[in-house]
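Visitor: Can you keep this structure in mind? I'll have questions shortly.
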Amino acid sequence: MRIISGSLKGRRIRFPKNIRPTQNKVRKAIFDCLGDFVKGSIFLELFAGSGAVGIEAFSYGAKEVSFVEKDSLCLRLIESNLKLLGIESYRLYRKDSMDYLDFLSKKRLRFDIIFLDPPYLKDLAKNSLLRLSVCDIVATQGVVVLEHHKREELPREAVGNGRDRSLLLFKQKRYGDTVLSFYKK
């Protein structure tokens, strides 16, 4: 797998065989839609898997990226790729992504961009979105990008504890069976 664009364009990264990595065209679409907002951002990748999207965020100029993944093999590969690329400002968390949202909320951490790619067709996409709206870890001008299967219906608005925590759908892009849904506060 190669990094699509940015300062690390063309560099190779390894990924575990047991996961479905985000396709190149989908990764490109994510960063085309986010544009210059990535530069200098605090980025969180939940259900990190290969970490390709977070690594791509570094390539586009993210200041810091946190990766959350419960599989230790995946985390070791992400760390190996980051070291190989000379990236230093990252955080790795070996946790279940859904459970970890509560911890992030308690620590009052905020992220400019949150990317999630949970396993398809297991209700994790919708449940993750709803949990994000309650946890309030999205920065005031933040964006949530959710990759999911086309058969997974997501709400237009995920209402948290108060209107200021609601996440509103503002854009969707479809690539075969994959949909990217973009939410903002």
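The values are calculated or read from the model by the stated rules, or taken from the named source; none is laboratory data. None of these values were measured; they are calculated from a predicted model. Don't worry about glycine lacking a Cβ; one is built from the backbone with ideal geometry, like all the others, and counts go over all protein chains shown. With ligands, DNA and RNA removed, areas are computed over all heavy atoms of the protein, side chains included. Shrake-Rupley method; radii C 1.70, N 1.55, O 1.52, S 1.80 Å.
Visitor: Taking H as built 1.01 Å from N, whose amide H comes closer than 5 Å to the amide H of residue 47, not counting residues under 5 places away?
Guide: 68, 97
Visitor: What's the longest bit of the chain with no exposed GluC sites (Glu not before Pro), using DSSP loop states and at most 11 other Cβ atoms within 10 Å as the test?
Guide: The longest such stretch corresponds to 1-87.
Visitor: Moving on to the next point. Report the paramagnetic label zone for residue 18: residues of segment 68-96 whose backbone N is under 18 Å from a point 7 Å from Cα along the Cα-to-Cβ axis.
Guide: 68-80, 93-96
Visitor: Can you say what percent of the DSSP beta bridges in the chain, counting only those with both residues inside, are antiparallel? Round to 5.
Guide: 50
Visitor: Here is a follow-up. Just the number please: accessible area per residue for segment 50-102, 1.4 Å probe, all protein chains included, in Å².
Guide: Roughly 43 Å² per residue, with all protein chains present.
Visitor: Out of the total accessible area of the chain (probe 1.4 Å, heavy atoms of protein only), what percent is carbon and sulfur?
Guide: Accessible surface attributable to carbon and sulfur in the chain totals 46 percent.
Visitor: Shifting gears a bit: Restrict the search to segment 49-153; then list the chymotrypsin sites (Phe, Trp or Tyr not before Pro) that DSSP places in a loop and that have at most 16 other Cβ atoms within 10 Å of their Cβ.
Guide: Here the sparse-neighbourhood loop sites are 120.
Visitor: Aspartates and glutamates near residue 63 by alpha-carbon distance under 16 Å, same-chain residues fewer than 8 away left out - which ones?
Guide: 36, 45, 88, 112
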